[in-house]
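S.K.: One structure coming up, written as structure tokens, with questions to follow.
The values are calculated or read from the model by the stated rules, or taken from the named source; none is laboratory data. Remember, predicted model here, so these are calculated numbers, not experimental data. Please note: Cβ atoms are built from the backbone with ideal geometry, for glycine as well, and neighbour counts cover all protein chains shown. Please note that ligands, DNA and RNA were not included when accessible areas were found on the heavy atoms of the full protein model with its side chains. Shrake-Rupley method; radii C 1.70, N 1.55, O 1.52, S 1.80 Å.
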Amino acid sequence: MLLCAPALSAQPEASGENWLHYGGTEKSWRYSSLSQINTANVKRLAPAWMLQTGDPDGGLQVTPIVENGVMYLSTSRNRVYAIDAKNGAELWQYRYEVPKDFTLIYGPWNRGVAIAGGRVFMGTIDNHVVALDQKTGRELWRVQIEDSRQCGCNITAAPLVVKGLVVTGVTGGDSAHRGYVTALDQKTGRVAWKFWTIPGPGEPGHETWAGDSWKFGGGSSWMTGSYDAELGLIYWSIGNPAADFHGASRAGKNLYTDSVVALEADTGKLRWYHQQIPHDVWDFDTAYENVLLDADVKGTRRKLLVNVNKGGIAFVVDRTNGKFINAWHVVKNLNWVKGVSETGELVGRNEPEVGKTKVLCPSIGGGRSWNQAAYSPRTSLFYTTGIEWCQEVTAQEEKPSEGQTYFGGTFKLVAPPDKDPHGHLGAYDPVTGKRQWTYRSKYPLLASQLATAGDVVFTGDVEGNFFALDARTGARLWNFQTGSGHRGSPIAYSVAGRMYVAAPTGLGSALAGLMSQLWPETEKFRGGSTLVVFALPEEGK
Amino acid sequence: MRRWNWLVAALPLAAQTPLAGQVAAGQLEEGARIFQQGCAVGYCHGAGGAASRGPRLRGRTFARDYLIRTVANGLPGTAMPPFKGRLKEAEIAAVADYVMSLRDISESAAAQAVVASASGTIHTAPADPGRELFFDAVRGTRCGTCHALDGLGAAIGPDVLKPDKSRTPKTVRLKTGESFPGVVLGTEGGSTVVYDLTGDPPVRRSLLATEIAAISAGSVWKHDTGRGRYSAAEMRQIEAFLTKARGR
């Protein structure tokens, strides 16, 4: 008996043999119920196979998907590979035709595919969604969500598959553009519903935008949502308003930017929203993952949603109604607000100013990047990264030009006041934010976390180390140098009773470039794009 | 807001400007402003060319004509867009000269330039109201959803500038019983490629011969599905724009 804890594998929030969704399951825990690899034996972990994609532009940022021994992996420029998950043998590959004249600030990278009903779905570099035959990789349908040359937007995130629909967001929050979330019919590709992240004339919330600013207000939806099947609600995080640093032309709260929205899966109708940052002028997107977990709040079991935003604050809300529960910080260096009140309002805003340079912390790179947190039901701990860095921001007035960048200012990264810029991974109580342990890293940690029932937390750093931490103490138990930095999301799965941990390696992305402003040596860090898959050595071989 | 771009237009043309180092101070200042508004922003080259997602430009040596070419044409396949059309020739030259001046610029000088140039705007071509409506992003579906023009939009329907019957919708029937109006594009890798016009935006479907029951002339599709979203007055503006475009 290799797979322990069968009771836990029955948990719908945990991944088991398969890794079926971007966040592991629809609840986005990034937690595997497999425990063959555990704190006692993890030091014996060794590579089982590797896949070199040969496409290093932007690094390998993917979360692989695994179903019944087959892995589905997308790379930069929308190539998809189906691979035998026990030995790395290629079953099929698909190459999306990237338009020759393509240029866009939201890079060529892709963060993963979704599978359902015998189809593989992917959003593309030029804002299409494609559906492939899961067995052969043959393209079934393709639909252009919007002309990326016009909107300055595209799709880099993995889609979410829910109830016969494939739901996707879009980048473009730093461009003069109006964001949306789109749901397509899995079979035909036809649009089932579209949720505009900025309400149009006559819709509630439209009054939170001055003049015509709603037309160019950003509100991208650039990461993957979560889903609570019992409540029938899709949770999507909406990014910053544009222009990022200059808010004068968009007076108002700017709904639904910097909000978590709960949409009815069947219709896309808004059930509730929770806005974390009204009228954001820092580019502190509420864009990241929504982790759906249940925990005790003042002695009562509650259905919660935890969302860490780019400003470095974790917001905890009741996911049945969006009511604020608590907020806690994932970084020490945070001066853009003094804090969050007991009712969830920001207190003491410290805003960028036109023609004046201000030091604001964290930097635009975020108190954390989009790489995702993990939650373990065994430790009841929430594992998330944080980055201690600041920036000098100068706001400027810019004129929106459709689909072009619309930042409203410039920035330059600087060290925090204590002259100690660094990254860290912490283990927190998800409700109170009480920190159990901290793992310190010289540079920002830009890979997602994977928690397992073996009480191991896996992640990688930008120097190429893939490592295992004890989920209860943070002690580093094992390390393997993979040859290039980590910007993707590791997963766990099993085939024929053997547990594997797959680590996408290959540094790239906007942040990897940004880092060099503070750590010049990182400019020379090697890129790459290789999936390295680890397992325990097989007995007697 | 200062409309500095009109000022730049009065400056000598790119080809006539002297080499970097002898560049007039005013020219460098203009270059710095353009850089600040169009190149330093966001995840691009960073303030003073300090690097971001785009590469560092400060402290590096470039040939001037290479810079001019790259700014004008962009680097296809990367995040670097072409600025031809968004910037005038003289402005592109000014920004190239500014980038060349970053070769041995100090941190503090770069920071000063950032504050000094915190006003102004990258100019854009004056808009035609009919063209704006044709590509009106605020409507989920617009003419550009199905018609390509000036390098924008999708070529699902025909060329709107000349008579073109190649995209007349037909009726596609599948063996599953499903039937839909479709623009048939032809075959590709053994599949018949069809734009399914049932919903907006239309979906490009690849169908195996074994999936298709029949494709027949005529369909239930009405062009109104696209046009109905515009008022009569708006349609007149669009038609005026198309008439002008056809005469180009």
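S.K.: Quick one: work out Rg over Rh on the C-alpha atoms of region A:380-489, Rh as Kirkwood radius.
M.R.: That ratio is 1.10, to two decimals.
S.K.: Shape of region A:213-254 from its Cα gyration tensor (a ≥ b ≥ c, root eigenvalues): rounded if a/c is under 1.5, otherwise prolate when a/b > b/c, or oblate?
M.R.: Judged from the Cα gyration tensor, region A:213-254 comes out prolate (a/c at least 1.5, a/b above b/c).
S.K.: Here's another thing I want to ask about it. Return the Rg/Rh ratio of region B:144-248 with Cα-based radii and a Kirkwood Rh.
M.R.: A ratio of 1.02.
S.K.: Right, another one. Which value in deg cm²/dmol, rounded to the nearest 500, describes the helix-derived mean residue ellipticity at 222 nm for chain A, given -39,500 (n - 2.57) per DSSP H run of n ≥ 4 and division by the residue count?
M.R.: Taken over chain A, the calculation gives -500 deg cm²/dmol.
S.K.: Next up: Tell me which GluC sites (Glu not before Pro) from region A:75-158 have a DSSP coil assignment and no more than 14 other beta carbons within 10 Å of their own.
M.R.: A:Glu97
S.K.: Would you list which lysines come within 16 Å of A:Lys298, measuring only between C-alpha atoms, while excluding same-chain residues fewer than 8 positions from it?
M.R.: By straight Cα distance, A:Lys298 reaches A:Lys323, A:Lys434.
S.K.: Hey, if you put +1 on the Cβ of every Lys and Arg and -1 on every Asp and Glu Cβ in the protein assembly as shown, which of A:Ile387, A:Gly474, A:Gly137 ends up farthest toward the positive end of that dipole?
M.R.: Farthest towards the positive end: A:Gly137.
S.K.: In what sequence, highest mean first, do A:517-528, B:187-198 appear when ranked by Cβ atoms within 10 angstrom?
M.R.: Top of the packing list down: B:187-198, A:517-528.
S.K.: Expressed as a fraction of 2.2 N^0.38 Å, the rule-of-thumb size for a compact globular protein of N residues, what is the C-alpha radius of gyration of region B:170-217?
M.R.: Ratio of Rg to 2.2 N^0.38 Å for region B:170-217: 1.02.
S.K.: Calculate, for A:Glu463 and B:Ala63, the FRET efficiency according to 1/(1 + (r/R0)^6) with r their C-beta to C-beta distance and R0 25 Å; round to the nearest 0.05.
M.R.: 0.10
S.K.: Out of the trypsin sites (Lys or Arg not before Pro) in region A:262-371, which ones are loop residues according to DSSP with at most 11 other C-beta atoms within 10 Å?
M.R.: Loop-located and lightly packed - A:Lys269, A:Lys298.
S.K.: Just to check I understand the Karplus step: with θ = phi - 60° and J = 6.51 cos²θ - 1.76 cosθ + 1.60, what whole-Hz values come out for region B:183-189, glycine and proline as x?
M.R.: These are the phi-based 3J(HN,Hα) values: 8, 8, 8, x, 10, 8, x Hz.
S.K.: Ignore the peptide's own chain and count Cβ atoms of other chains within 10 Å of each Cβ in B:152-159; give me the average, rounded.
M.R.: Whole-number average of other-chain Cβ neighbours for B:152-159 is 2.
S.K.: Taking θ = phi - 60°, what integer Hz values does the Karplus form 6.51 cos²θ - 1.76 cosθ + 1.60 yield along region A:520-532, in sequence order, with x for Gly and Pro?
M.R.: Values per residue, Gly and Pro as x: x, 5, 6, 4, 9, 4, 6, x, x, 6, 9, 8, 10 Hz.
S.K.: Kindly provide the trypsin sites (Lys or Arg not before Pro) of region A:22-101 that DSSP labels as loop, not H, G, I, E or B, and whose Cβ sees at most 14 other Cβ atoms within 10 Å.
M.R.: A:Lys100
S.K.: Rank by packing, highest mean first: peptides B:231-244, B:168-181, with packing defined as the count of other Cβ atoms within 10 Å averaged across residues.
M.R.: Ranking, from highest mean packing down: B:168-181, B:231-244.
S.K.: So who's got an amide H within less than 5 Å of the one on B:Ala213, skipping anything under 5 residues away but keeping other chains? H placed 1.01 Å off N, in plane.
M.R.: Answer set, sorted by chain and number: B:Arg173, B:Leu174, B:Lys175.
S.K.: Could you give me the ³J(HN,Hα) list for region A:454-463, computed from phi with Karplus coefficients 6.51, -1.76, 1.60 and θ = phi - 60°, whole Hz, x at Gly and Pro?
M.R.: Values per residue, Gly and Pro as x: x, 6, 10, 10, 9, 6, x, 10, 6, 8 Hz.
S.K.: Then there's this: If I histogram all Cα-Cα distances within region A:327-454 using bins 5 Å wide from 0, what percent of pairs lands in each bin?
M.R.: Histogramming region A:327-454 at 5 Å steps yields 2, 10, 16, 18, 18, 15, 10, 6, 3, 1, 0 percent.
S.K.: Within straight cross-link reach of B:Lys175, meaning Cα distance under 26 Å, which lysines are found once same-chain residues fewer than 8 apart are removed?
M.R.: A:Lys135, A:Lys163, A:Lys187, B:Lys222
S.K.: Peptide A:148-158: average number of partner chain Cβ atoms within 10 Å per residue?
M.R.: Rounded to a whole number, the mean comes out at 1.
S.K.: Debye calculation, C-alpha points only, no solvent: report log10 I(q)/I(0) for chain A at q = 0.07, 0.08, 0.09 Å⁻¹, in the same order as the q values.
M.R.: Log10 of I(q)/I(0), two decimals: -0.34, -0.45, -0.58.
S.K.: Taking a cut-off of 14 Å between Cα atoms, list the aspartates and glutamates near A:Lys43, but don't count ones fewer than 8 places away on the same chain.
M.R.: Cα-Cα hits under 14 Å: A:Asp455, A:Asp470.
S.K.: Which value in nm describes the separation of the simple spin-label points at A:Val347 and A:Ala251, placed 7 Å from the Cα toward the beta carbon?
M.R.: Distance between the two pseudo-spin positions: 2.8 nm.
S.K.: If ligands, DNA and RNA are left out, what is the accessible area of A:Phe324 with a 1.4 Å probe, given in Å² to the nearest 10?
M.R.: Approximately 40 Å² of A:Phe324 is accessible to the 1.4 Å probe.
S.K.: Within 10 Å of each Cβ in B:195-202, how many Cβ atoms from other chains are there, averaged over the peptide?
M.R.: 4
S.K.: Here is the link list: A:Lys215/B:Lys244; A:Lys194/B:Lys88; A:Lys399/A:Lys524. Which ones come out longer than 32 Å on Cα distance?
M.R.: Checking Cα-Cα distances, A:Lys194/B:Lys88; A:Lys399/A:Lys524 exceed 32 Å.
S.K.: Continuing with the same structure: Under 5 Å between amide H atoms, partner at least 5 residues away or on a different chain: which partners does A:His422 have, H built in plane at 1.01 Å?
M.R.: Excluding prolines and chain starts, which carry no amide H, the hits are A:Glu388.
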